[in-house]
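Asks: Provided herewith is a single structure, encoded as structure tokens, for subsequent inquiry.
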Protein chains: 2
Amino acid sequence: SSDSLTSTPPPYPLPPKPRPISVLPEDLKTPDNHVERDARLIRLTGIHPFNVEPPLSALYEEGFLTSRNLHYVRNHGPVPRVEDSEVLDWEFTVEGLVDRPVSMKLRHLIMDYKQVTYPITLVCAGNRRKEQNVVRKTKGFSWGAAGVSTALWTGVALADLLARAGPKRGARYVLLEGADNLPKGSYETSIKLAWAMDPERGVMVAYKMNGELLHPDHGKPLRVVIPGQIGGRSVKWLKRIIVSSTPSENWYHIYDNRVLPTMITPEESANLAETWRDERYAIYDLNTNSAVFCPAHNETVSLMASEEEEEVYKFKGYAYAGGGKRVSRMEVTLDQGRTWMLANITYPEDQYRLAPETETLYGGQLDMSRESCLCWCFWDIGIPLSRLENAKDVLFRAMDEAMMVQPRDMYWSVLGMMNNPWFRLVIHREAGSLRFEHPTQPALMAGGWMERVKKAGGNLANGFWGEKVWGEVEAAKP
Amino acid sequence: SSDSLTSTPPPYPLPPKPRPISVLPEDLKTPDNHVERDARLIRLTGIHPFNVEPPLSALYEEGFLTSRNLHYVRNHGPVPRVEDSEVLDWEFTVEGLVDRPVSMKLRHLIMDYKQVTYPITLVCAGNRRKEQNVVRKTKGFSWGAAGVSTALWTGVALADLLARAGPKRGARYVLLEGADNLPKGSYETSIKLAWAMDPERGVMVAYKMNGELLHPDHGKPLRVVIPGQIGGRSVKWLKRIIVSSTPSENWYHIYDNRVLPTMITPEESANLAETWRDERYAIYDLNTNSAVFCPAHNETVSLMASEEEEEVYKFKGYAYAGGGKRVSRMEVTLDQGRTWMLANITYPEDQYRLAPETETLYGGQLDMSRESCLCWCFWDIGIPLSRLENAKDVLFRAMDEAMMVQPRDMYWSVLGMMNNPWFRLVIHREAGSLRFEHPTQPALMAGGWMERVKKAGGNLANGFWGEKVWGEVEAAKP
């Protein structure tokens with residue numbers, strides 16, 4: 001009920017205002033001593049390189065959009081240093097199997113192409129990997145459930161760049177190379193040309209995040225952003241776009257971001273060059289996944305009942321699916337999968353569809369023209385405490401619009417990627433209250449029912465989360 | 001090593017030659033008394049309307065392509081009668097939210113547009129529904145695991161027709177209406193316009209199947225074929241293509257081909273008009289699924305060991321994924337999911353990619369230009385009898401390229417659609433041989449471990465296929 005039209009807020013979320021940041025003391029002795037960061041981020045691989053997720057509660061509090069400060073980061077090495085004054089002169093190429101190879105500067109990307117802005121959720125393929133590492137150590141480090149973030153990205157459709165360069169007959173892949181200087185060379189990966197050209201997939205070459213020039217950790221000054229696919233394909237510090245008839249041969253493309261078949265051990269994998277190169281095991285589209293924001297790990301809820309009304313605890317969390325698919329339902333069980341309840345889902349992404357088609361944001365047209373879903377969604381469900389106090393655990397699963405549901409059992413693999421079994425909270429009844437225990441805590445942080453069960457001798461792969469089963473299933477006679 | 005080039009077979013599969021067929025006695029008293037059919041097809045809904053699947057073994061024997069005779073059929077009512085002499089004069093429209101509405105004859109579709117041919121697997125959304133019906137009766141009839149068939153389809157890209165008509169601003173859906181005359185009106189459904197326009201999805205308007213004019217049960221003279229989506233969207237006897245800003249309101253679009261949340265009972269569903277209309281519960285892309293061809297139900301294998309070599313039984317079956325995705329792996333367990341083996345997969349679809357780009361087939365260009373996967377694949381795995389005789393059962397699951405895996409547990413729903421839990425064979429050791437028991441048999445045919453376990457008082461929804469569990473899981477103390 002404002003009396004001024006100019007003060008009417010837009011019908012869609014805007015990013016949280018990030019707190020001021022500065023170079024942190026622990027970064028001073030690293031090659032990243034020029035990068036300003038938020039001290040709340042949880043370091044997953046020691047001090048350097050910088051691989052971080054925000055505290056899950058902080059991610060929740062920021063809402064649909066994540067600030068520059070708290071957006072998760074996956075860096076393989078030192079962050080390239082690019083001054084603000086150098087941004088517009090950043091050079092990159094579109095080359096390879098094209099009719100008109102281009103070497104251009106960022107200023108031309110801004111001047112000569114249609115600028116677009118839209119929200120995109122990025123997810124690290126390692127999100128929730130800590131759970132895999134507790135079952136059996138993988139070759140990857142321990143992400144908790146906060147390797148996921150959403151921002152408003154501004155840039156140019158990769159399809160527009162490619163169309164101008166003109167892919168030749170036989171072109172099938174787009175290789176993307178960054179400027180980072182790594183032990184195994186530069187970081188390069190590839191996606192299919194058909195995906196890059198598909199407007200529904202929304203692949204973008206971006207130079208702004210939440211209306212600001214990219215933060216160094218997020219690819220300053222230019223990166224690819226690929227909605228619905230694992231973050232590992234969204235190459236940062238972008239230098240070369242190479243059209244090709246074959247996928248990338250880069251070490252990071254072959255030996256990272258794959259889900260090898262579950263029976264292959266880390267030891268065996270060392271001798272399986274052909275298996276690593278099998279494109280069927282490469283991850284592109286995200287799988288369907290979800291996690292719980294509320295309650296936080298070890299949060300307690302009092303069982304002291306009010307006399308007037310039944311007390312209800314409201315669970316909240318996020319969910320996402322890959323490849324442009326929407327999460328179509330979110331379900332919750334108090335009896336380990338025998339019966340399920342339906343949670344509410346909200347899709348804040350759809351609020352951007354309420355803006356006029358002419359809307360511009362951060363210098364780009366707010367482009368919600370596609371049918372596909374590029375962002376996470378939020379779910380919630382209220383459950384009476386009287387039911388919770390009689391339950392041993394509460395489990396959550398998402399189903400996507402192709403009717404594929406998160407699996408009950410973990411799919412363990414050598415790299416520990418794409419971990420997406422039902423998200424399980426154990427309920428402890430303690431001194432007049434309920435305490436909720438998450439599966440794990442990120443990095444080397446202790447806590448969670450998985451470590452506890454494992455230490456107690458439980459087999460986490462027994463199909464019952466390592467605990468003894470209740471109910472009607474009986475042990476077989478020997 | 002033929003000495004004549006003209007006799008060189010193509011590098012890709014051609015359809016099996018169908019046996020001669022005639023009008024069957026049981027159809028004479030029905031409105032379908034003009035339709036010639038193969039007597040081997042298994043009727044799932046009595047004599048009429050005609051809803052059939054082939055015997056699973058016959059489907060297997062035909063190989064990658066299914067003949068006109070054995071392709072599964074889902075008819076909601078009488079089959080429209082169209083004489084061969086009327087085919088070219090069949091009229092249909094492209095109308096609605098378009099700049100240039102068209103009313104055209106099939107002869108113009110053939111003369112004025114680019115003709116294409118490619119293999120497409122169609123799957124009924126009810127495939128494997130019998131398993132759901134054994135757990136709890138759904139509103140759908142009992143498909144076995146043979147509601148899936150593959151053919152070479154010839155026609156025109158729906159995108160080409162739509163592009164010529166010119167969708168207007170605001171157009172988001174394509175409604176497809178057939179000529180069938182049903183209790184609730186004509187059959188109409190809709191898909192998203194973005195899918196229809198996407199060359200990777202390969203949506204076709206087809207008038208030939210395996211090189212012949214369409215068989216009446218398959219839509220003579222004209223139908224839509226939508227790869228990667230449930231068969232229920234591939235409208236037969238096509239009369240109207242209507243571009244729209246909203247999805248179909250047709251009874252068959254709203255009250256068929258949906259997966260309601262699992263907790264909704266048939267009784268409750270009667271009063272949930274809003275739930276039925278929730279597009280999130282409508283099925284479009286197929287989910288990932290698989291089944292076993294060999295062994296057949298109740299097939300036995302002798303345990304008499306040869307002295308020279310270890311005896312191995314070779315399991316074989318099919319798998320598919322939806323939305324153009326490929327099945328990326330097929331896994332098999334002898335210990336109810338604790339450990340898995342990897343099966344071999346073959347993709348006969350890829351053999352068509354070996355043909356020259358100029359290849360024509362049945363009057364259409366053999367079009368394998370897309371990256372997406374439109375067909376089923378076959379898998380096999382040899383397992384030593386010595387291991388099988390010590391196992392209680394053998395379970396199979398497929399994973400797709402988005403790393404989504406078939407679920408361990410059934411997702412029961414009111415309409416019983418998209419049933420895709422791990423496919424389980426029970427192994428019985430009997431008199432020096434092993435007998436393999438499938439989950440069910442189609443229609444009202446008796447047999448299968450599910451009925452047996454249920455009759456014995458087992459709870460099929462207990463998370464262990466209704467049987468007592470073995471191994472390390474113990475019953476909880478009360």
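The values are calculated or read from the model by the stated rules, or taken from the named source; none is laboratory data. All figures in this text were calculated on a predicted structure; none of them were measured in a lab. Positions of Cβ are backbone-derived with ideal geometry, glycine not excepted, and every protein chain shown enters the neighbour counts. These accessible areas exclude ligands, DNA and RNA; they are computed on the full protein's heavy atoms, side chains included. Shrake-Rupley method; radii C 1.70, N 1.55, O 1.52, S 1.80 Å.
Asks: So B:THR117 clears everything in (1) among the polar types (S, T, N, Q); (2) surrounded by fewer than 18 Cβ atoms within 10 Å (Cβ to Cβ); (3) part of a strand (DSSP E or B) except one condition, right? Which one?
Replies: So B:THR117 meets the others, but not (2).
Asks: One residue is enough: does segment A:197-205 have a residue meeting the conditions at pLDDT below 95, more than 30 Å from A:TRP412 (Cβ to Cβ) and not charged (D, E, K, R)?
Replies: no
Asks: With the structure loaded, tell me whether A:ARG338 is closer than 30 Å to B:MET341 by Cα, under 18 Å from the mean Cα position of the chain (by Cα) and within 13 Å of another protein chain (Cβ to nearest Cβ) or whether it fails that test. Can you show your working first?
Replies: On the way: closer than 30 Å to B:MET341 by Cα: yes; under 18 Å from the mean Cα position of the chain (by Cα): no; within 13 Å of another protein chain (Cβ to nearest Cβ): yes.
Taking the combined requirement at face value, the residue does not satisfy it.
Asks: Next question, about the same structure. Need the failing condition index for A:GLY463 against (1) within 30 Å of A:LYS325 (Cβ to Cβ); (2) modelled with pLDDT of 95 or more; (3) not aliphatic (A, V, I, L, M), just the number.
Replies: Single failed check for A:GLY463: (2).
Asks: Okay, next question. Quick one: which strands (runs of 3 or more DSSP E) sit completely within segment A:344-436 and have at least 3 residues that are within 14 Å of chain B (Cβ to nearest Cβ) and either open to solvent by 10 Å² or more (accessible area, probe 1.4 Å) or at pLDDT 95 or above (or both)?
Replies: A:344-346, A:377-384, A:393-400
Asks: For segment B:143-200, how many residues are without any contact (Cβ under 8 Å) to a residue 60 or more places away in the chain, open to solvent by less than 10 Å² (accessible area, probe 1.4 Å) and away from chain A (no Cβ under 14 Å)?
Replies: Selection size over segment B:143-200: 1.
Asks: Which one of these is among the charged types (D, E, K, R), open to solvent by 80 Å² or more (accessible area, probe 1.4 Å) and under 25 Å from B:VAL205 (Cβ atoms): B:GLU36, B:GLU61, B:GLU95?
Replies: B:GLU36
Asks: Follow-up question, since we're still on this one. Those residues that are polar (S, T, N, Q) and assigned to a strand (DSSP E or B), I need them from segment A:317-343; list them, please. Give the steps one after another, and end with the answer.
Replies: From segment A:317-343, those polar (S, T, N, Q) are A:328, A:333, A:336, A:339; that's our starting set.
Passing the criteria: A:SER328, A:THR333.
Asks: Could you tell me which numbered condition A:ALA270 fails, if it satisfies all but one of (1) within 14 Å of chain B (Cβ to nearest Cβ); (2) small (Gly, Ala, Ser); (3) on the phi < 0 side of the Ramachandran plot?
Replies: The failed condition is (1).
Asks: Under the condition of being in contact with a helix residue (DSSP H, G or I) (Cβ under 7 Å, 6 or more places away or on another chain) and under 17 Å from B:THR262 (Cβ atoms), which residue from segment B:124-142 is surrounded by the fewest Cβ atoms within 10 Å (Cβ to Cβ)?
Replies: Among them, the one singled out is B:LYS139.
Asks: Now, a different point. Collect the residues in segment B:157-184 that are closer than 17 Å to B:LEU238 by Cβ and more than 25 Å from the chain's Cα centre (by Cα), keeping them in residue-number order.
Replies: B:ASP160, B:LEU161, B:LEU162, B:ARG164, B:ALA165 - these are the residues of segment B:157-184 that are closer than 17 Å to B:LEU238 by Cβ and more than 25 Å from the chain's Cα centre (by Cα).
Asks: Starting from segment B:351-366, take each residue that is without any contact (Cβ under 8 Å) to a residue 60 or more places away in the chain and more than 16 Å from B:ALA157 (Cβ to Cβ) and list its partners that are among the charged types (D, E, K, R) and exposed (fewer than 13 other Cβ atoms within 10 Å of the Cβ), counting only C-beta distances under 9 angstrom and pairs at least six apart or across chains.
Replies: Close Cβ pairs (under 9 Å, with a partner that is among the charged types (D, E, K, R) and exposed (fewer than 13 other Cβ atoms within 10 Å of the Cβ)) amount to B:GLU357/A:ARG169.
Asks: Within the bounds of segment B:61-84, is there any residue that is part of a strand (DSSP E or B), modelled with pLDDT of 95 or more and of a type in the set (S, T, N, Q)?
Replies: no
Asks: Can you report the number of residues in segment A:49-58 which are under 19 Å from A:ARG129 (Cα atoms) and surrounded by fewer than 19 Cβ atoms within 10 Å (Cβ to Cβ)?
Replies: 2
Asks: With respect to the numbered conditions (1) under 25 Å from B:THR440 (Cβ atoms); (2) open to solvent by less than 40 Å² (accessible area, probe 1.4 Å); (3) away from chain A (no Cβ under 12 Å), which one is the sole condition not fulfilled by B:MET330?
Replies: (3)
Asks: On to the next question. Can you tell me which of (1) open to solvent by less than 20 Å² (accessible area, probe 1.4 Å); (2) outside any strand (DSSP E or B); (3) closer than 26 Å to A:MET404 by Cβ is the one B:ASP217 doesn't meet?
Replies: (3)
Asks: Also: Please list, ordered by first then second residue, the pairs with beta carbon atoms under 9 Å, 6 or more apart or interchain, first in segment B:99-121 and free of Cβ contacts under 8 Å to residues at least 40 places away in the same chain, second open to solvent by less than 20 Å² (accessible area, probe 1.4 Å) and part of a helix (DSSP H, G or I).
Replies: Correct list of pairs: B:MET104/B:LEU161; B:ARG107/B:VAL87.
Asks: Considering segment A:151-184 alone, what residues qualify as being acidic (Asp, Glu) and under 21 Å from A:VAL79 (Cα atoms)?
Replies: Of everything in segment A:151-184, those that are acidic (Asp, Glu) and under 21 Å from A:VAL79 (Cα atoms) turn out to be A:GLU177, A:ASP180.
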